[in-house]
Amino acid sequence: MIVEILVALTMTLAVPPTAPLSQRDVAIYAPLIGQAAIDCKNARGKKIDVGLLWKLAAVESTYNPPPKVRGMILAAACMESGYNPKARGDRKFSKSGRVPLAIGILQMWPIYERMFPWIVRTDPELAAHGWMKHITNMIPRVKRRCRYKTPEKIWIAAWVTGIRSKKKGGRCKQKPNHLRILKRWHRTIEKQRLIQDDCYNIKEDIEPKAIDGDGF
């Protein structure tokens, strides 16, 4: 028991490593990053740091979310800050009404620094690890309470549970607002893929077929 507690404490205190993106991950995240760069209302008119988006994707990939929620951290960063690592908000919730409680690209509150002492909320990579780790920590609880079977539903329930305050009975039936953005991106990517497939099939139909032999 003591060993398990020490292991858990070590994992909490240690900064998680970011796994490098595999070629497969690059292929998966490239269209998502493309959508994140061109379809984010809160970042319109701003210069998008695409390299930063790739860093967020690499962190997310480390936690291996299911296909239908890939890009979740990009959608969250879009909605929360427009990808601004220096963003400050939620002043109205402070005692004076002037001190920002939500800081960084994911608008994290101070509680994250207490949960994960290695977090620097203005550091996008560390913030992303804290955000993803907190959500994945919710998965066992969600499995017990919500009894979902599919990875997608489990992750969505863990996502909304992790980013919102505690609620009696849990948040099994709720969905995070970020999910609307993510689903829109996925729909656009699927439409583009279908168009590309159609164009490829048309090209195949109109190209002349090779003739065996010398043609005589």
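Just so it is clear, none of the values below were taken in a lab; they were calculated from the coordinates. No experiment lies behind these values; they were computed from the predicted model shown. Positions of Cβ are generated from backbone atoms using ideal geometry, with glycine treated the same way; all protein chains shown enter the neighbour counts.
Quick notes
- Mean Cβ neighbour count within 10 Å, used as a protection proxy, ranking 135-145, 17-27, 69-79 highest first: 69-79, 135-145, 17-27
- Using 0.36 nm per residue and subtracting the Cα-Cα separation, the extra length available between residue 137 and residue 174 on full extension is 11.5 nm.
- Over the chain, Cα pairs under 8 Å with separation of 6+ residues give a relative contact order of 18 percent.
- Using a 4.7 Å Cβ-Cβ cutoff, the cysteines of the chain lacking any partner cysteine are 199.
- Net lengthening on full extension, residue 95/residue 166 (0.36 nm per residue, minus Cα-Cα): 23.4 nm
- Charging the Cβ of each Asp and Glu at -1 and of each Lys and Arg at +1, and nothing else, the dipole of the chain about its Cα centre rounds to 2080 debye.
- At full extension, residue 152 and residue 122 could sit 7.9 nm farther apart than now, given 0.36 nm per residue minus the alpha carbon distance.
- In nm, spacing of pseudo-spin labels at residue 192 and residue 113 (7 Å Cα→C-beta vector): 3.8 nm
- Nonlocal amide H pairs with residue 19, under 5 Å, H built at 1.01 Å: 62
- From the coordinates of this entry, Cα Rg over 2.2 N^0.38 Å is computed, and it appears in (i) 1.40; (ii) 1.26; (iii) 1.07 under the label (ii).
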